[in-house]
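Data block below; observations after.
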Amino acid sequence: MYDYPVEYVQEPPPRVEYYPSTSYHGRPAYLVEGRWYYRNDNRWVVFRDEPTELREYRVRRGPAYQAGPAYGRDRNPYVENHRVAEQRAEERRAAERREQDRRIAERREQERRMEARRVEERHEAERRQADQRRMEDQRRMQERHAAEQRGAQQRAEQDRRVAEQRKRDARKRDRHDDDKDQPNERDRRRRND
């Protein structure tokens with residue numbers, strides 16, 4: 001776009017539209033204190049070397065604009081100081097942006113670490129809950145197994161008692177039957193005697 005070297009500036013001089021201007025590449029260029037300011041899209045530039053078309057305009061405009069050109073070796077000290085101040089301001093803004101970007105990056109990194117910590121804590125809590133559920137399930141299984149064993153022992157004890165009772169009952173019947181048989185035997189003996 002530019003046939004001549006330019007410098008980008010953050011803002012043009014105040015009230016730049018009141019300074020002499022001419023069209024350059026279809027847009028206005030403003031002559032401010034011997035330097036040409038030009039807006040391209042959303043950025044302002046100042047020409048370091050005066051373009052030929054703009055120099056011709058300045059020369060045609062008369063002696064008021066011919067004196068003290070800012071281009072080449074005869075730079076206006078006010079304009080040069082202004083340019084240096086703009087450069088320093090731009091450097092300061094760039095440093096502030098870098099510092100702000102660094103703080104944002106640090107904050108994002110801190111948020112990322114905090115999120116990772118929250119995720120780890122959530123996983124740890126889930127692991128603890130899973131371990132707790134597993135231990136609870138094991139405890140229930142052990143209780144169920146112990147209850148089944150107690151039930152089996154109680155049934156075995158009950159079966160043993162029932163078997164002993166049956167044995168006692170069977171012995172009683174046998175004795176009773178023997179007692180019944182014995183009188184008959186006595187009767188037979190008596191008859192035989």
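Read-outs throughout are calculated quantities, based only on the coordinates presented, and are distinct from any laboratory measurement. It should be emphasised that the depicted structure is a prediction, and the values quoted were computed from it without experimental measurement. Here Cβ is always computed from backbone atoms with ideal geometry, including for glycine, and neighbour counts include all displayed protein chains.
General observations
- Packing rank of 17-24, 138-145, where each peptide gets the mean count of other beta carbons within 10 Å, highest leading: 17-24, 138-145
- Under-5 Å amide H pairs with Trp44, H placed in peptide plane, nonlocal only: Val9
- Extension gain (nm, one decimal) between Asn42 and Asn81, 0.36 nm per residue minus Cα-Cα: 11.6 nm
- The calculated FRET efficiency for Glu120 paired with Arg97, based on their beta-carbon distance and R0 = 35 Å, is about 0.55.
- Backbone HN-Hα couplings from phi across the range 26-33 [Karplus 6.51/-1.76/1.60, Hz, Gly and Pro as x]: x, 9, x, 10, 10, 9, 10, 6
- Val162 paired with Arg144, simple spin-label distance in nm, labels 7 Å along Cα-to-beta-carbon: 2.6
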